[in-house]
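Heads up: the structure comes next, in structure tokens.
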Amino acid sequence: MPLNPMRMPAGASPDIRLSANGASLTRVSPAPETPAPLVSREVVVSGCVNRRHSFDLCSLMRLPTQLTGPLDVVCLSGRTVRSASDYKGVRLTALLDIARLRLPQARDFTRAFVLAQGADGYTVMFSWHELYNTPVGVGALVVYERDGLPLSDDEGGIGLISTCDLRVALRQVRALKRLTVHLADPAPI
Ligand SMILES: Nc1nc2c(c(=O)[nH]1)N[C@H]1C(S)=C(S)[C@@H](COP(=O)(O)O)O[C@H]1N2
Ligand SMILES: [Mo]
């Protein structure tokens, strides 16, 4: 029989101490109710692409940089989540261009769309047309810096922002992990 019948959950850090007589437990930080921050260190581009590609911070920084300029991040309710002077990142389309869309038929881009997913599963969608055929694509950025500082772990590390949206907070993805390219099924004729 183990002295301490309380078992650690798998993957938990050994931050519980027994007192000298083994009777009481003292918790050492971090407290178990503090969730680990949602953070991304790389973005994987997959799905209908020729080359599945993974971009970490270094490879993102090697791509042509885009700055947003002053931006209010507003939610659907109208609440301003934050006002930033600048986000720095790269165009979402730059990542797609490197992975290269894989389209069975020449005109399949008309039904292509991209799902962008955060570490918690939060998912937003961009159509090929939005990205390549409207101003939205120019403002859809994978970002890694805000106001001259790297996005901290608490801010997700790597994110996505769509600066041309009316309510920017909604298609902002904290801790961006995945970009997957899909083809919508055409309706039967
Ligand atoms: N990964 C992730 N990103 C997300 C969300 C979320 O739940 N998970 N919520 C969205 C919503 S509704 C809002 S208002 C903003 C909040 O911004 P913040 O999380 O950067 O403060 O994040 C957006 N991005
Ligand atoms: Mo929100």
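The values are calculated or read from the model by the stated rules, or taken from the named source; none is laboratory data. Bear in mind the structure is a predicted one, so any value in this text is a computation, not a measurement. Don't worry about glycine lacking a Cβ; one is built from the backbone with ideal geometry, like all the others, and counts go over all protein chains shown. These accessible areas exclude ligands, DNA and RNA; they are computed on the full protein's heavy atoms, side chains included. Shrake-Rupley method; radii C 1.70, N 1.55, O 1.52, S 1.80 Å.
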Residues L103, L141: which one is more than 16 Å from ligand 2 (Cβ to nearest atom), in contact with a strand residue (DSSP E or B) (Cβ under 6 Å, 6 or more places away or on another chain) and of a type in the set (A, V, I, L, M)?
L141
Looking only at segment 153-171, how many residues end up being part of a loop (DSSP other than H, G, I, E, B) and either under 16 Å from L67 (Cβ atoms) or open to solvent by 50 Å² or more (accessible area, probe 1.4 Å) (or both)?
6
Scan A119, A112, A94 and give me the residue that is in contact with a helix residue (DSSP H, G or I) (Cβ under 7 Å, 6 or more places away or on another chain) and either within 13 Å of V181 (Cβ to Cβ) or at pLDDT 95 or above (or both).
A112
Which residues, counting only those in segment 64-77, are within 12 Å of I161 (Cα to Cα) and more than 16 Å from ligand 1 (Cβ to nearest atom)?
Q66, L67
Please find, among S29, S83, S59, S54, the residue that is farther than 30 Å from V181 by Cα and either at pLDDT 95 or above or within 16 Å of ligand 2 (Cβ to nearest atom) (or both).
S83
Matching residues in segment 170-189 (small (G, A, S) and away from ligand 2 (no atom under 16 Å from the Cβ)) number 2
Subset of segment 79-91 (residues that are surrounded by fewer than 17 Cβ atoms within 10 Å (Cβ to Cβ) and either within 10 Å of ligand 1 (Cβ to nearest atom) or touching a residue at least 40 places away in the same chain (Cβ under 8 Å) (or both)):
R79, T80, V81, R82, S85, D86
Can you name every residue in segment 64-77 that is within 16 Å of ligand 2 (Cβ to nearest atom), in contact (Cβ under 8 Å) with a residue 24 or more places away in the chain and surrounded by fewer than 14 Cβ atoms within 10 Å (Cβ to Cβ)?
D72, C75, L76
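Residues are listed down the side, and each one gets a yes or a no for (1) within 11 Å of ligand 1 (Cβ to nearest atom); (2) touching a residue at least 24 places away in the same chain (Cβ under 8 Å):
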position: F126; (1), (2): no, yes
position: D153; (1), (2): no, yes
position: V173; (1), (2): yes, yes
position: I189; (1), (2): no, no
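Residues are listed down the side, and each one gets a yes or a no for (1) more than 16 Å from ligand 1 (Cβ to nearest atom); (2) without any contact (Cβ under 8 Å) to a residue 40 or more places away in the chain; (3) more than 19 Å from the chain's Cα centre (by Cα):
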| site | (1), (2), (3) |
| --- | --- |
| N50 | yes, no, yes |
| D56 | yes, yes, no |
| R62 | yes, yes, no |
| A99 | yes, no, no |
| L103 | yes, no, yes |
| A116 | no, no, no |
